[in-house]
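A short worksheet on the structure shown next.
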Amino acid sequence: MGFELGAAAMAAVITLGPLLVVLAVALVVVWPTIPVGPLLVFFIPSALLLPLVTYPLSYTVWQALDLTMRPVQPDDFDAEFIVRHALPTDLDL
């Protein structure tokens, strides 16, 4: 539960981090006259396309972090254990 949320959060970090760095560098270079139009032309498509491009990477990084925080246990592959410990929210309707 929550694995996809972690992967999406990792995608946001991987995407927003470089975008913010590039924006800061661009603002420092063009300061005091900021060309808003060209910046928007660059950053809007980048903000829309980068999450799609980096999602596989973010998913893999989140999987590695998840396995580091919660190592695989032998019970993870036991069908009886999985059924017994199914999420109650999934079964209680």
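Does Thr33 count as among the hydroxyl-bearing types (Ser, Thr, Tyr), surrounded by 12 or more Cβ atoms within 10 Å (Cβ to Cβ) and out of contact with any strand residue (DSSP E or B) (no Cβ under 8 Å at 6 or more places or on another chain)?
no
Among the residues of segment 65-79, which ones are without any contact (Cβ under 8 Å) to a residue 60 or more places away in the chain and surrounded by 10 or more Cβ atoms within 10 Å (Cβ to Cβ)?
Of everything in segment 65-79, those that are without any contact (Cβ under 8 Å) to a residue 60 or more places away in the chain and surrounded by 10 or more Cβ atoms within 10 Å (Cβ to Cβ) turn out to be Leu65, Leu67, Asp75, Asp76, Asp78.
Checking Pro56 against (1) surrounded by 11 or more Cβ atoms within 10 Å (Cβ to Cβ); (2) farther than 28 Å from Ala8 by Cβ: exactly one of these is not met. Which one?
(2)
When segment 53-79 is examined, which residues are found to be more than 16 Å from Leu5 (Cα to Cα) and of a type in the set (Phe, Trp, Tyr)?
Phe77
If the Cβ limit is 7 Å and pairs must be 6+ apart or interchain, which residue in segment 15-26 that is at pLDDT below 90 pairs with which residue that is assigned to a helix (DSSP H, G or I)?
From segment 15-26, the pairs are Thr15/Leu50; Thr15/Pro51; Thr15/Thr54.
The values are calculated or read from the model by the stated rules, or taken from the named source; none is laboratory data. This structure is a prediction, so every number in the text was calculated from the model and none was measured. As a convention, Cβ positions derive from the backbone with ideal geometry for all residues, glycine included, and neighbour counts pool all protein chains shown.
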